[in-house]
Amino acid sequence: MLIGEILKERFEVLDEDISKALDIQKSLKLRIGQILIQLGAITETQLIEALSIQLNIPINISIDEENLVNTLNILQNKLNLNYISQEGFLAFKIEDDTVHIVTTDPLKLHVISYIENATGLKTKIYLTYERYIRELTRKYISKENFVSLDIEDPERLKDMASEAPVIKYLNDLLSRAVELNASDIHIEPQEKRFVVRLRIDGVLHEMDELEENFYLAVVSRIKLLSGLDIAEKRLPQDGKFSTRIGSLPIDIRTSTMPTVSGEDIVLRLLYRAKLSFDLKTLGIEQDHYDILMEMIRKPYGIILVTGPTGS
């Protein structure tokens with residue numbers, strides 16, 4: 001079964017999105033799944049599940065890191081670990097005559113052949129998320145593959161903001177936030193680290209740590225999408241943009257705030273499908289609801305609704 005058919009059947013992806021992705025694929029050498037992610041029609045999780053069904057390849061999102069380190073130590077003199085990680089592959093276990101590998105793209109047969117020929121081992125392939133490979137690669141192999149960047153050059157920032165890894169990362173971050181029902185995404189500079197946190201049920205959870213150049217490129221991408229001035233880093237700015245995540249329309253309000261360590265970015269996610277104008281859905285106690293309705297029916301007066309932003 002074609003990947004498009006699986007996505008339509010399992011995740012109700014629209015025919016028009018499939019057609020649009022196929023048209024784009026004619027001019028770009030990208031797989032249709034990656035195009036659909038960039039269009040906001042599906043999430044990375046949905047693509048991985050569909051690929052697992054199509055190719056009958058298991059998903060692995062829980063690697064024993066001690067085994068991973070031992071495997072990398074064994075293979076470092078046989079394989080170019082940076083090369084295979086950049087191609088979306090990570091070897092994490094050797095068992096008998098087989099090396100176990102997670103990947104985001106099992107159809108890159110040239111990488112699999114390279115691994116088998118260089119190691120003399122068979123390969124067992126598993127699917128996983130790009131962010132998972134990126135996180136483990138950053139931790140155990142190398143830093144983000146990003147060139148040094150002149151942060152004072154707006155044109156250079158625009159170029160970096162349009163690079164595929166930046167676009168993929170932001171799309172993936174938004175997808176994760178929606179899947180976890182987050183209300184906000186915070187990208188915060190903290191002295192020597194750049195942290196990504198999601199606000200879920202009012203509590204901030206740390207999700208990622210970015211390298212400085214990658215942080216700058218992601219911030220520039222967000223500012224471009226939000227119609228903000230990417231060269232302005234000393235004044236607060238506010239903007240907005242809209243997107244679709246897995247066919248769910250999302251409005252995103254962007255706020256930037258300069259700090260000593262860099263720009264603090266907050267993305268407020270507004271879910272159109274969840275909007276309700278029924279007072280009963282606000283969680284008001286019945287006695288308060290009765291008082292409010294009585295006040296609303298009066299032909300005069302004013303009701304003040306106050307509280308912190310987002311309350």
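The values are calculated or read from the model by the stated rules, or taken from the named source; none is laboratory data. Predicted model, so just to flag it, every value in this text is computed and none were measured. Using ideal geometry, Cβ is built from the backbone for each residue, glycine included, and neighbour counts are taken over all protein chains shown. The protein model used for the area step is the full one, side chains on, heavy atoms only, and it has no ligands, DNA or RNA in it. Shrake-Rupley method; radii C 1.70, N 1.55, O 1.52, S 1.80 Å.
Past 23 Å, Cα to Cα: identify those pairs from Lys78/Lys124; Lys20/Lys168; Lys139/Lys223; Lys93/Lys122; Lys78/Lys122, in the order given.
Lys139/Lys223
What does the extension gain come out to for Leu22 and Ile302, with contour length at 0.36 nm per residue minus their alpha carbon separation?
Additional length available on full extension: 95.4 nm.
How would you order 86-93, 59-66 from highest to lowest mean count of nearby Cβ atoms within 10 Å? Could the numbers behind the result be given before it?
Numbers: 86-93: 21.1, 59-66: 12.5.
Ranking, from highest mean packing down: 86-93, 59-66.
Suppose the chain between Ile94 and Leu39 were pulled fully straight at 0.36 nm per residue; how much longer would it get relative to their current alpha carbon spacing?
Value of the extension gain: 16.0 nm.
Using a 1.4 angstrom probe on heavy atoms only, work out the carbon and sulfur share of the accessible area of the chain in %.
Answer for the chain is 50 percent, counting heavy atoms of protein chains only.
Looking at the square roots a ≥ b ≥ c of the eigenvalues of the Cα gyration tensor of region 53-94, which shape do they give, rounded for a/c under 1.5, prolate if a/b is larger than b/c, or oblate?
In terms of gyration-tensor shape, oblate.
If you take the charge dipole of region 189-267 about its Cα centre, with +1 on Lys and Arg Cβ and -1 on Asp and Glu Cβ, which of Leu248, Val266, Phe214 is farthest toward its positive end?
Ranked along the dipole, the leading option is Leu248.
Among rounded, prolate and oblate, which fits region 200-311 when a ≥ b ≥ c are the square roots of the eigenvalues of its C-alpha gyration tensor, a/c under 1.5 means rounded, and a/b larger than b/c means prolate?
Prolate shape, in that a/c is at least 1.5 and a/b is the bigger ratio.
Given R₀ = 35 Å, what would the calculated FRET efficiency be for Lys108 paired with Tyr271, taking r from the Cβ atoms and rounding to 0.05?
0.45
How high is the FRET efficiency between Ile61 and Lys280 when r is their beta carbon distance and R₀ equals 35 Å, given to the nearest 0.05?
So the FRET efficiency works out to roughly 0.35.
Leaving out ligands and nucleic acids, note down the accessible area per residue over the chain with a 1.4 angstrom probe, in whole Å². Walk me through the intermediate numbers first.
Values: 17620 Å² over 311 residues.
Computed with neighbouring chains in place, this is 57 Å² per residue.
Roughly how many Å is it from the Cα centre of region 247-311 to that of region 1-74, as a whole number?
For region 247-311 versus region 1-74, the Cα centre distance is 35 Å.
How would you classify region 231-293 from its alpha-carbon gyration tensor, with a ≥ b ≥ c the square roots of the eigenvalues: rounded for a/c under 1.5, else prolate if a/b is greater than b/c, otherwise oblate?
Values: a/c = 4.14, a/b = 1.87, b/c = 2.21.
Verdict is oblate for region 231-293.
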